[in-house]
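What follows is a single structure, written as structure tokens, with notes after it.
The values are calculated or read from the model by the stated rules, or taken from the named source; none is laboratory data. Remember, predicted model here, so these are calculated numbers, not experimental data. Cβ atoms come from the backbone with ideal geometry, glycine included; neighbour counts cover every protein chain shown.
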Amino acid sequence: MIKLLDKITLDAREVRAGFADTMMELAEKNHKIVYLAADLMGTLGMATFEKTYPERCINTGIAEANMVGMACGMSVAGMVPFVHSFGPFATRRCFDQIYMSGAYAKANVKIIGSDPGVCAAFNGGTHMPFEDAALMTSIPEMTVVEPCDRVQLQNLLPQIADTYGMFYIRLVRKKNPLIYAEDAQFEIGKAARVREGSDVTIIASGIMVEQAILAADALAAEGISARVLDMFTWKPLDEQAILEAAQETGCIVTAENHNILNGLGSAVAGYLARRRPTPVEMVGVNDEFGEVGPESYLRERFDLTADHIIRAAKAAIARK
Amino acid sequence: MQTKKTNNLPALSTQIRIETLKGLGKLGFGHVGGSFSVAELLAVLYGKQMRYNPEEPNWPDRDYLVCSKGHAGPAVYAALALSGFFPTDWLLTINTPGTRLPSHCDRLLTPGVDMTTGSLGQGASTAVGIALANRLQGRDSYTYLILGDGEIQEGQVWEAMSMAAQLNLDHLITFVDYNKKQLDGYLCDINNFDNIAERMAAFGLEAVTVDGHDTNAIDRAIDQAKASGRATCIVLDTVKAKDCSFAENVFNNHSVTINEAQLEEGLSFLNAKLKEQVRDDD
């Protein structure tokens, strides 16, 4: 069951601490689980895991293509590999390996791409993936998820470990707001409805879920009733929730920390165009490269705020 | 466990060429060059060295083969058919719609194919992963990896080899089919990768070069690799399209067309050779 906190608060724990805890629990229960990183073992706080399971924790060095290929081979021979690098290197650097040795060969690898979009902050444009999820959703049979907080991540990880197939997990590593209560439960492929509403639906994911909730609350003060869906599964898309939103609220705003081209907005609009044409406004990165700076600056720079969502919601309603 | 072994490995290599040629000849074209250059290797593996069970292709304790130069699939299929994984009739369906024998190896379609390959270089990493996974699970299985010489131009191969040495994967045996040619011509004219054994040794592997058309030499090298306690690379000095009468001496013989007259001529050459090999054996 999806349980929200009464008030969004900054999580006392970093997301990566939750990640490392859950990986420890999973590895203890399932001896097939292995973890591979390409010289970024420390960035997800996996030191305890490495110490506890030295043989099942492999640092491949700075060689992402080989890391992903090895993981695919390991899965074919019975293991359940999780691999991690920063988002751009976990996806575009080894796209062909993920495609052929992975998905095409029906391997079972869980790929974690950290610091999505503007979360790459001071690492700048070279490290700022606005296209990673687009690449991953373009591969048949990939499951693509973007958790919005630590609780959601920790609830999804065991399901991901237990479900055979290729996954891409778009992961914020550090301090992040907490949206959900600790015992909230999620189902992959099913959007979490975090605000009820009838005038417009905001479909958001990742760091934009918090902004969508802030936008909905601000719109409510103006008498506009906004539904908010946390679409943490980008693929397979929860088409039923999108269709209901279109039928019941008549217009849609999407909000993503990603290029709006080939991202969540494109996926939602593409589905609605085929099934039920509905006004859609998209909040996200407008086909630009990233740049360096604090995340707060980058969110403004790339239109990723509650204010942008509020404006888009009003524009969508006006198009009904 | 059931394995189909033979004492006459040269004859098996010729049978692999015959069955490969029949399949590609039916289709009228195909990767004859790189399929024929690894026939002796496949004969040694399936005829003697590998542990497998054609009744249970996914037997967890089997040895694995990753043919990273996936376009040599037709030769692998011939070896698998001759080893009892499926009827040799299947070879006549290579690359036809709905076939279980596609141009490049596919682990989901063909009994006995352990890994999907085709995008060059990738099999190196998957073989490293398979060898590591088997070691972690306490299996003594060997993983055999076949690379093309042109293929080792892919940087991923060297990432994988470095890791194989680092992890000391002593149950991973890598072969490089050094037939000196890639699709566009000679390696030395394009991006030369000679001194392969030295390069592999520099990456930390035990490495040797042997005559890739001498089944005894290959067999001995594998025995030595197994005894070495290290990740090993065996470079096979080979001839592209070896023993394909109409293609061996052709410059562009990576993928060739095959007409009926060529098919007949090629088969007749190979059948005569097989007859000699069988007679020598008696």
Identify all residues within region A:91-119 that are out of contact with any helix residue (DSSP H, G or I) (no Cβ under 7 Å at 6 or more places or on another chain) and within 19 Å of A:I160 (Cβ to Cβ); write none if there are none. A:A103, A:K106
Condition first: closer than 18 Å to B:L136 by Cα and in a helix (DSSP H, G or I). Can you find one or more residues in region A:2-21 that meet it? no
Among the residues of region A:185-232, count how many are over 19 Å from A:K7 (Cβ atoms) and of a type in the set (K, R). 2
Failed item, numbered, when B:D140 is tested on (1) assigned to a loop (DSSP other than H, G, I, E, B); (2) within 11 Å of chain A (Cβ to nearest Cβ): (2)
Might you check whether a residue that is within 14 Å of another protein chain (Cβ to nearest Cβ) and at pLDDT 95 or above occurs anywhere in region A:145-162? no
Conditions (1) within 23 Å of A:K175 (Cα to Cα); (2) in contact with a Ser or Thr (Cβ under 9 Å, 6 or more places away or on another chain); (3) in contact (Cβ under 8 Å) with a residue 60 or more places away in the chain; number of the one not met by A:F302: (2)
In region A:178-195, how many residues are on the phi < 0 side of the Ramachandran plot, out of contact with any Leu (no Cβ under 7 Å at 6 or more places or on another chain) and not in a strand (DSSP E or B)? 6
Tell me which residues, restricted to region A:1-54, are more than 14 Å from chain B (Cβ to nearest Cβ), touching a residue at least 24 places away in the same chain (Cβ under 8 Å), under 14 Å from A:V83 (Cα atoms) and touching a Phe, Trp or Tyr at 6+ places or on another chain (Cβ under 9 Å). A:A20, A:M23, A:L40, A:T43, A:L44, A:G45, A:M46, A:F49
Return yes when B:D194 is within 20 Å of the chain's Cα centre (by Cα), surrounded by fewer than 19 Cβ atoms within 10 Å (Cβ to Cβ) and modelled with pLDDT under 95 and no when it is not. yes
Top-ranked residue in region B:139-193 [being out of contact with any strand residue (DSSP E or B) (no Cβ under 7 Å at 6 or more places or on another chain) and among the basic types (K, R); ranked as nearest to B:K240 (Cα to Cα)]: B:K181
Can you find even one residue in region B:69-89 that is more than 23 Å from B:L205 (Cβ to Cβ) and of a type in the set (S, T, N, Q)? yes
Only one of B:L92, B:L108, B:L65 is within 14 Å of another protein chain (Cβ to nearest Cβ) and more than 18 Å from the chain's Cα centre (by Cα), namely B:L108
Taking only region B:113-134 into account, find how many residues are within 7 Å of another protein chain (Cβ to nearest Cβ) and either out of contact with any strand residue (DSSP E or B) (no Cβ under 6 Å at 6 or more places or on another chain) or in a helix (DSSP H, G or I) (or both). 13
Of the residues in region B:270-279, those that are surrounded by fewer than 19 Cβ atoms within 10 Å (Cβ to Cβ) and touching a residue at least 12 places away in the same chain (Cβ under 8 Å) come to B:N271, B:K273, B:Q277, B:V278
Has region B:148-163 got any residue that is within 21 Å of B:Q49 (Cα to Cα) and of a type in the set (A, V, I, L, M, F, W, C)? no
Quick check: anything in region A:84-107 at negative phi, away from every other protein chain (no Cβ under 14 Å) and hydrophobic (A, V, I, L, M, F, W, C)? yes
Return the pair list, or none, for Cβ contacts closer than 6 Å from residues in region B:148-162 that are within 13 Å of chain A (Cβ to nearest Cβ) to residues that are surrounded by fewer than 24 Cβ atoms within 10 Å (Cβ to Cβ), at least 6 apart or on different chains. B:E154/B:L120; B:E159/A:A63; B:M161/B:F203; B:S162/B:F203
Among the residues of region A:269-305, count how many are under 19 Å from A:A318 (Cβ atoms) and crowded, with 17+ Cβ neighbours inside 10 Å. 9
Selection count where residues are in a loop (DSSP other than H, G, I, E, B) and of a type in the set (F, W, Y), scope region B:223-282: 2
I'm told B:G229 meets every condition in (1) surrounded by fewer than 20 Cβ atoms within 10 Å (Cβ to Cβ); (2) closer than 23 Å to B:A127 by Cβ; (3) in contact with a helix residue (DSSP H, G or I) (Cβ under 6 Å, 6 or more places away or on another chain) except one. Can you identify the failing condition by its number? (3)
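Is it the case that some residue within region A:219-229 is basic (K, R), touching a strand residue (DSSP E or B) at 6+ places or on another chain (Cβ under 8 Å) and closer than 19 Å to A:C148 by Cα? Talk me through it step by step, then tell me what you get.
We begin by selecting, within region A:219-229, every residue basic (K, R); these are A:227.
Next, from what is left, pick out any that are touching a strand residue (DSSP E or B) at 6+ places or on another chain (Cβ under 8 Å): A:227.
Keeping just the survivors that are closer than 19 Å to A:C148 by Cα gives A:227.
The answer is yes, given that some residue of region A:219-229 is basic (K, R), touching a strand residue (DSSP E or B) at 6+ places or on another chain (Cβ under 8 Å) and closer than 19 Å to A:C148 by Cα.
Matching residues to (1) within 14 Å of chain A (Cβ to nearest Cβ); (2) crowded, with 20+ Cβ neighbours inside 10 Å; (3) under 19 Å from B:S119 (Cα atoms):
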residue	(1), (2), (3)
B:I173	no, yes, no
B:L183	no, no, yes
B:Y186	no, no, no
B:G204	yes, no, no
